[in-house]
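First comes the structure, then the notes that go with it.
The values are calculated or read from the model by the stated rules, or taken from the named source; none is laboratory data. Values in this document were obtained by computation on a predicted structure and should not be read as measured data. Heads up, the Cβs are rebuilt from the backbone with ideal geometry, glycines too, and the neighbour counts pull from every protein chain shown. Just so you know, the surface numbers come from the protein's heavy atoms only, side chains and all, with ligands and any DNA or RNA stripped out. Shrake-Rupley method; radii C 1.70, N 1.55, O 1.52, S 1.80 Å.
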Amino acid sequence: MTNHIFGRSTRGVLPAAVAGDGCYLIDAAGKRYLDGSGGAAVSCLGHSDIGVRAALHAQLDRLAFAHTGFFTSEPAEALADTLVEHAPEGLDRVYLVSGGSEAVEAALKLARQYFLEIGQPQRHRIIARRQSYHGNTLGALAAGGNAWRRAQFAPLLVEVSHIAPCYEYRDRAGGETPEAYGRRVADELEAEIMVLGPETVMAFVAEPVVGATMGAVPAVPGYLKRIREICDRHGVLLILDEVMCGMGRTGYLFACEEDGVVPDMIAIAKGLGAGYQPIGALLVQGRIYGAIAAGSGFFQHGHTYMGHAMAATAGNAVLKAIFERGLLERVRAQGAKLDAALRAAFGQHPHVGDIRGRGLFRGLELVADRETRSPFDPARRLHATLKAEALEAGLICYPMGGTIDGARGDHVLLAPPFIIADAEIEELVGKLSAALGRALAAT
């Protein structure tokens, strides 16, 4: 068969997915794959949700698309209402986009325009964290702190300051409490603000639970509250990137709820559409919207498919499922079971240094030596071998390299559908264990 797809890689031939069945994907040969990572923490309802499919079929018969330069639509309005109803206090406007990178890009541009509108044009600097990932468009990539992803595009990126991540496993000192550690690394934000000049800084961007680049690393207690205090003291906007960790993935609709923090903006995507449609959103504090409304009246941004009726319909159906089926509670319960199963299988594994995460968002950090926490030689590409071995075994998981600094370190991220059953948790952990054994033997 001739292949004209320009895919993610020019090497290898991927199996063709032809069907979905609950937590499983099925390829053209009939092989079933347990989706242990929801693709990339996307497929929170699995691959054959009857309610979402029915909603999309019904909407398609009414209206597929109307450009938001001319019309609003009932699905878009309903989605915004539902998100605001359940959002942290004060987030009362929703800017609908088509994915996570678009949501973060919109946040950065809105932050800049906000300060122009309120008469502080000198504020333009962004601070983020090392080993973060905020998307692949140029603004989002600049905000991200992953050296490997940034390297070849560096000449195209705007200047962004990067401070330490909140990475307890690697960076908390012996004898230091988690709270003291969190305050120490949070205070790096204030130090950087003072270096740059408080009057020039517009935003700090962070993931409450770091996903792709570090493998489900949550903030320690008190860290984000300290970050919020520092931002407030210096008039800096706090932008939380919940593209991967939000929409129920941690057991809360918004991950920052567990930390007791209210940001100025939250970027969401992935689980919002659950893979049934491409959709993302930026939730914004009312005062930010109000500054635009009282000033120019126009956010100088936009995309053709923003507020798409079919995409918004999917978002509404996903949120309906989450609330009506009690899936937030289920995520917390099944997440505890997954954590227990991972600790039983890997808690004493000589090459698993850390098991971490929240809800159904879990990560394992792989190490050459458990005692010294030394990583594997990057040349081994353990993460890539593990991904291939897991796929061969019929398990989809999300291993990545460069966990520590963009070059060294390996981890595997797990983010199965919220509907995962006990037996499927057992299958996931069993297949991951076997795949890791084979990957270690092969590298």
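What number of residues within the range 1-57 are of a type in the set (Val, Ile, Thr), over 23 Å from the mean Cα position of the chain (by Cα) and at pLDDT 95 or above? Let's see the steps before the verdict.
Just the residues of the range 1-57 that are of a type in the set (Val, Ile, Thr), to begin with: 2, 5, 10, 13, 18, 26, 42, 50, 52.
This time we only want the ones that are over 23 Å from the mean Cα position of the chain (by Cα), so: 2, 5, 10, 13, 18, 26, 50.
Going one step further and asking which of them are at pLDDT 95 or above, we end up with 18, 26, 50.
Count: 3.
Name the residue, out of PHE70, PHE65, that is over 26 Å from the mean Cα position of the chain (by Cα), without any contact (Cβ under 8 Å) to a residue 60 or more places away in the chain, more than 27 Å from GLY326 (Cα to Cα) and in a loop (DSSP other than H, G, I, E, B).
On the way: PHE65 fails: without any contact (Cβ under 8 Å) to a residue 60 or more places away in the chain.
Answer to the check: PHE70.
Just to confirm my filter: which strands (runs of 3 or more DSSP E) fall fully inside the range 7-60 and include at least 2 residues that are in contact (Cβ under 8 Å) with a residue 12 or more places away in the chain and out of contact with any Leu (no Cβ under 9 Å at 6 or more places or on another chain)? Even if it seems obvious, please write down each step before you answer.
Numbers: elements: 17-21, 24-27, 32-35.
Those strands (runs of 3 or more DSSP E) span 17-21.
Take the range 340-352 and flag every residue that is open to solvent by less than 10 Å² (accessible area, probe 1.4 Å) and not in a helix (DSSP H, G or I). Spell out how you get there, then give the answer.
Taking the range 340-352 and keeping what is open to solvent by less than 10 Å² (accessible area, probe 1.4 Å), we get 342, 346, 352.
Residue satisfying the conditions is VAL352 alone.
Could you grab me the full set of residues in the range 193-240 that are among the β-branched types (Val, Ile, Thr) and closer than 20 Å to MET400 by Cα? Write out each step before concluding.
So the first thing to find is which residues in the range 193-240 are among the β-branched types (Val, Ile, Thr), and the list is 193, 195, 200-201, 205, 209-210, 213, 217, 220, 227, 230, 236, 239.
Result: VAL209, VAL210, THR213, VAL217.
Are there any pairs with C-beta distances below 6 angstrom linking a residue in the range 243-269 that is under 21 Å from GLY135 (Cα atoms) and modelled with pLDDT of 95 or more to a residue that is part of a loop (DSSP other than H, G, I, E, B) and of a type in the set (Phe, Trp, Tyr), with the two at least 6 apart or on different chains, and if so which?
Final answer for the pair search is GLY246/PHE254.
Conditions first: (1) assigned to a loop (DSSP other than H, G, I, E, B); (2) in contact with a helix residue (DSSP H, G or I) (Cβ under 8 Å, 6 or more places away or on another chain). GLY215 passes all but one, so which condition is the exception?
Among (1) assigned to a loop (DSSP other than H, G, I, E, B); (2) in contact with a helix residue (DSSP H, G or I) (Cβ under 8 Å, 6 or more places away or on another chain), the lone unmet condition for GLY215 is (2).
How many residues, within the range 427-443, are over 14 Å from ALA393 (Cα atoms) and part of a helix (DSSP H, G or I)? Give the steps one after another, and end with the answer.
Taking the range 427-443 and keeping what is over 14 Å from ALA393 (Cα atoms), we get 440-443.
So of that shortlist, the ones also part of a helix (DSSP H, G or I) come out as 440-442.
Selection size over the range 427-443: 3.
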